[in-house]
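Colleague: First the structure, then my questions, so here it is.
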Amino acid sequence: MTPTNETPCTSSVPAPLGPRDREPDCTLDALTLQLAPLLKDGAGRRGGGSAKVAALLREYAGAEDSWRRYVNYRDDTYSRNLIWRCGDFELLILCWNEGQASPIHDHSGQQCWMAVLDGELEEVHFPDLGESGHGAPPVPGRIKAFPQGGVAFIDDDIALHLVRPKAGQQGVSLHLYSSPIDTCRVFCPESGVPTAICAGYHTVRGEPAEGVDPELIRAAWSGSKG
């Protein structure tokens, strides 16, 4: 997760940052249509819903490259790039330069799937600091590497985590949140103390979104259907 940009925000959302029709030649847009019935009204939490979602993401990550039109590497931070958003889920592409990493964070009670589109990413689990207390550096638990095509799943019942590319590499990953995550907690790596942040976007469907209040973007997408 990355916090909202600190640059001045506009008071309205430019048209390119609002919802648009899916592109018929984009298999990433086709993926959102396939995901919609699996995530409708929290269906991903029931039965084999989570496994079916993971299978779709794995199939896309292993065979498609329509995501490349949305790649957005940055020198200052990893980037969060919105692809689709509706009431049931949000789909983003995250781009990681060498040496970048997410903060230790939770997922506000929601489900999160991550599919690796390019490179190799590492996921580091941490115990639930909300139960173990604060004042000491968080102790990492499981560290697992995911190659291109790999899919990870996490929610707050499993762990807190951070994500980073393998040392010396860039990476691109597809992140699916059900339901969308607008705020979360990040945890200080020295003390474990949490801070609530508002999740922002660097681009929306390839259009620059810096300086635009993410709440305005979310409001513009509020009527979108899966």
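The values are calculated or read from the model by the stated rules, or taken from the named source; none is laboratory data. Source: prediction; values computed, not measured. In this analysis, Cβ positions are derived from the backbone assuming ideal geometry, glycine residues included, and neighbour counts consider all displayed protein chains.
Colleague: Go through segment 60-75 and report how many residues are small (Gly, Ala, Ser) and surrounded by 15 or more Cβ atoms within 10 Å (Cβ to Cβ).
Modeller: 2
Colleague: Now a separate question. When only residues in segment 197-212 that are charged (D, E, K, R) and modelled with pLDDT of 95 or more count, which is surrounded by the most Cβ atoms within 10 Å (Cβ to Cβ)?
Modeller: Arg205
Colleague: Restricting to segment 139-196, count the residues that are surrounded by fewer than 21 Cβ atoms within 10 Å (Cβ to Cβ), in contact with a Ser or Thr (Cβ under 7 Å, 6 or more places away or on another chain) and β-branched (Val, Ile, Thr).
Modeller: Selection size over segment 139-196: 3.
Colleague: Exactly one of these conditions fails for Leu17: (1) touching a residue at least 60 places away in the same chain (Cβ under 8 Å); (2) more than 18 Å from the chain's Cα centre (by Cα); (3) over 19 Å from Met114 (Cα atoms). Give me its number.
Modeller: (2)
Colleague: Can I ask one more? Output the strands (runs of 3 or more DSSP E) that fall wholly within segment 148-214 and possess 2 or more residues being in contact with a Gly (Cβ under 6 Å, 6 or more places away or on another chain), or say none.
Modeller: Passing ranges, in order: 171-178.
Colleague: Where residues in segment 1-58 are assigned to a helix (DSSP H, G or I), modelled with pLDDT under 85 and at negative phi, which of them is surrounded by the fewest Cβ atoms within 10 Å (Cβ to Cβ)?
Modeller: It comes out as Ala15.
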